[in-house]
Amino acid sequence: MAAVKTLLYLVVYPGLLFLFVYSTFCEWFDRKVYARLQNRMGPTHTGRGGILQPIADFFKLMAKEDIVPDRADKKLFKALPVVGLAVVLTAALLLPLWHYQPGASTFNSFQGDLIILLYLLSLPTLILFLAGWASTNAFSIIGGTRVLTMLFGYEVPLFLAVLSPAMLAGSWRLVEIAAFYQHRPYLLLVNLLGFAVALVCVQAKLERTPFDIPHAETEIVGGTFTEYSGKKLALFRLMTDVEMVVSAGLLSAVFLGGFGGGLILGFIQFVLKTLFVIFLLSLMRALTSRLRVDQVVAMAWKYLAPLAVLQLLIVILVKGLVL
Amino acid sequence: MTDAEKIDKAKALLGGRLIESANPALRRVFLTVAPADLRASLEALKTGLDQWFLATITGVDAGDVYEVLYHFGDTAGSITVRTSIPKAAPHLPSICAVIPGAILYERELQDMFGIVVDDIPDPRNLLMPDGWPEGNFPLRKDWTYERPKEIIPGGKA
Amino acid sequence: MKFQIPIGPQHPALKEPISLRMTVEGEVIKDADLRLGYNHRGVEKLAESKSWIQNIYLTERICGICSHSHATCFVQGAEKLLEIEAPRRGVYLRYLVSELERVHSHLLWLGVAGHEAGFDSFFMYTWRDREVVMDILEMISGNRVHYAINTLGGVRRDLDEAQKAKILDGLKILKARSEYYLKIGAGEPTFVGRLAGVGMLSRQQAMDLCTVGPVARASGIARDVRKDDPHAFYDEVEFDVATADTCDVLGRAVVRIKELFESYKIIEFVIRNLPDGPIAVKAPRRAKPGEVVSRYEAPRGENIHYIKSNGSDKPERLKVRAPTLANYAATIEMLRHGFIADIPLIFAAIDPCICCAERTAELVDARTGEERIVRFADLRRLAASRQAHSNKRNVAWPL
């Protein structure tokens, strides 16, 4: 019975199927918000209000011709989209989505899952770099190097910002952090600065405007994805969507309080909080213009990293003086 | 500066090099010089009359000669420097040393008229494709265009 | 590691085929080269075999954005050779369209600049407001892109009082929106961060390379054919030549937005002082032998046509120099030692000409095969009713 249950966890909820549906819904939400902010309609045709458009896009791409360049590293080129998707799906399993009781550790919730989650979220970046490199296209290689260059900028501030609330809660386990803030909601205000820093870093990790530098269309065509088409591109796009959900889930778990109220209420809370985070990300996307890669690294070390350290200092002071 | 003043100044600057001057319309001055004097004349006009802005170079197929017109513009109208070179030996000195912005117009002149611009810094084709057949210069009056026979790839002959 | 990346002839940053070959080392451009000719159509040769009146329509099709500027430049020169003079009202209407075209071209450019910088919201907003001036142009001329309002000896369509009022109404909206764009263009930190200090072209370089239009004016060279060589009514109307001395892409953007305000002033002047009388005179078929240099300030800079006539009904030679060509030499200079990320911005900053598509107004009924012309407002109503029924399956298209 336990095996069936685990299988259900992996494939149906909150595994593959749920993540597919929810991440395409989040993409639709993001596209719609972005479009309305730009005075456009956004998707309208497939389903009510175009809600099925990302799914239609996914299946359309799956049916398209799949081309592997002659000079590419073929095995790597073909394996990367699958590995990338697997990594983000694994990361999604660690989100405190339905398992909100702090107690005995299970395969998807244990002491230190926050760290594992952060590292699993770093992997897609490396996969994108490898994808660009394996394509052996001038534009892809430039895109790949830009991915890595940006990584050096935002990774440290992101880790610092996400780890400081955990320090305040005194636990490396997402469920326990959530439970800690559920009991003391006023302490969430302490972490506001870290939330802002983490939002910017997540935007950079997801490669969205103003950080869509690795695939800046008007500069380097498709960037890392220039040579990808058909099924592989569809998987990469799904990977980006799931990554967005996981990042939003991580931020909402760490910065936006607990998951009380049982399965149903907890689920509704999860959806509302992730949508709120995605709304903020869309807002940032609509209001800014693309930066240059040197400007990103400069900004990350001039502003984001010091602010993250400041957040750490605040947390230490609060922990030492108030609690 | 009025047109008459401009012509007087140009006469003083160019001296014997000025073959002819005309003022056919308001703010339009035409000066004629020999091709050998071209570079020196333009240099004199640039320093003495502030003619740094070369609007374009026009080539005209005028029977036995090619007329080449250098159109300048300033804040009081335009000056055109005209020179003619024989069709038999169409050689023209490059003026890029005086006015670097002339390079594209000189390349265009080479493409379109087959005028050889001596000492041009960059002699490649500008508009014509790389495989353009030798000796075809579209803006010469004796050149006519023949549409190549249309071949449909994979179609019937 | 040095390698060459091809920007074009097909590239998302380019709207028309041109090939920029960049030698890059990492993110830094070491050398740039330009290859033209992908879109060469032989207009100058063709013009020699067309009559004067046919050539208006040929020159109009040189460019899809500043179509009016080439046609006007040609007509200006041809009228001198034909020894006719357009009546005052005709001249006013001709240059009214010129200024409206400048407005639409600059708004288009602002959007493109936003898009190239990855600021798509700016692009969407400017292009929405550009529709106001496009509607005005369509009202005056009947067309959105190729206005075809010029004819030898005047213009082809007149303006009535109601249309004048509509233009003034449209101007009010455009003015308010342009103020907003000036605020964003010169104030939004990420946007300014991308534009400032990019594509530097010093005043001396701009002079050496014979740049024209906003590129020259942003390097502090106050040259404008409308001021220097005033044709039509430009010596009567008060306007300033907008300049900037930052010598970068930001300066070019600011110059263009400032020029919008100058154009609004000129349009208002034309509407308020539009003289009465005929709009065109009859033109002879043959021109006298002679030559003429015609200059015109297009939205992208000075446009110059050299027209030579041999006394027949066709020109002997028509030389066209579009403003974009004059700025190419400077573009290569600007691209050198920049970043890859700046290529689209620098190239877009000279506003290379792009072609536009037209809008179709004829609908074919799917069931009856009947064709009819539908007004835009009706189309909108239809779309709205379709939207309202969109959840029902197999809904009949309400045409």
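Some values worked out for this structure:
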| quantity | calculated |
| --- | --- |
| Selection count, segment B:29-65, where residues are within 14 Å of another protein chain (Cβ to nearest Cβ) and not in a helix (DSSP H, G or I) | 19 |
| Selection status of A:Ala198, farther than 27 Å from A:Ala56 by Cβ and either part of a loop (DSSP other than H, G, I, E, B) or open to solvent by less than 10 Å² (accessible area, probe 1.4 Å) (or both) | yes |
| Meets criteria (without any contact (Cβ under 8 Å) to a residue 24 or more places away in the chain, open to solvent by 20 Å² or more (accessible area, probe 1.4 Å) and over 23 Å from A:Phe139 (Cα atoms)) for A:Gln269 | yes |
| Single condition C:Leu250 does not satisfy, out of (1) part of a helix (DSSP H, G or I); (2) closer than 28 Å to B:Ser78 by Cα; (3) not small (Gly, Ala, Ser) | (2) |
| Residue tally, condition open to solvent by 30 Å² or more (accessible area, probe 1.4 Å) and in a loop (DSSP other than H, G, I, E, B), over segment A:157-195 | 3 |
| Number of the condition not met by A:Gln111 [criteria: (1) modelled with pLDDT of 85 or more; (2) in contact with a Lys or Arg (Cβ under 6 Å, 6 or more places away or on another chain); (3) within 26 Å of A:Cys201 (Cβ to Cβ)] | (1) |
| Boolean, C:Leu137 is open to solvent by less than 10 Å² (accessible area, probe 1.4 Å), within 19 Å of the chain's Cα centre (by Cα) and over 30 Å from A:Thr288 (Cα atoms) | yes |
| Subset of segment C:142-165 that is open to solvent by less than 10 Å² (accessible area, probe 1.4 Å) and small (Gly, Ala, Ser) - its residue that is farthest from A:Arg285 (Cα to Cα) | C:Gly153 |
| Segment B:66-91, residues that are polar (S, T, N, Q), surrounded by 22 or more Cβ atoms within 10 Å (Cβ to Cβ) and either in a loop (DSSP other than H, G, I, E, B) or more than 9 Å from every other protein chain (Cβ to nearest Cβ) (or both) | B:Thr83 |
| Qualifying positions in segment B:1-28 - open to solvent by less than 60 Å² (accessible area, probe 1.4 Å), assigned to a strand (DSSP E or B) and touching a helix residue (DSSP H, G or I) at 6+ places or on another chain (Cβ under 8 Å) | B:Leu18, B:Ser21, B:Ala25, B:Arg28 |
| Residues that are part of a helix (DSSP H, G or I) and touching a Leu at 6+ places or on another chain (Cβ under 8 Å), drawn from segment C:191-217 | C:Val192, C:Gly193, C:Arg194, C:Leu195, C:Val215 |
| Matching residues in segment A:121-156 - criterion: being crowded, with 20+ Cβ neighbours inside 10 Å, within 14 Å of chain C (Cβ to nearest Cβ) and among the aliphatic types (A, V, I, L, M) | A:Ile141, A:Ile142, A:Val147, A:Met150 |
| Qualifying residue in segment C:207-224 (condition: touching a Cys at 6+ places or on another chain (Cβ under 6 Å) and either surrounded by 15 or more Cβ atoms within 10 Å (Cβ to Cβ) or within 14 Å of another protein chain (Cβ to nearest Cβ) (or both)) | yes |
| Failed condition for A:Leu317, given (1) of a type outside the set (Ser, Thr, Tyr); (2) part of a helix (DSSP H, G or I); (3) surrounded by 14 or more Cβ atoms within 10 Å (Cβ to Cβ) | (3) |
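The values are calculated or read from the model by the stated rules, or taken from the named source; none is laboratory data. This is a predicted model, so every value here is computed, not measured. Don't worry about glycine lacking a Cβ; one is built from the backbone with ideal geometry, like all the others, and counts go over all protein chains shown. Heavy atoms of the whole protein, side chains included, go into the accessibility calculation; ligands, DNA and RNA do not. Shrake-Rupley method; radii C 1.70, N 1.55, O 1.52, S 1.80 Å.
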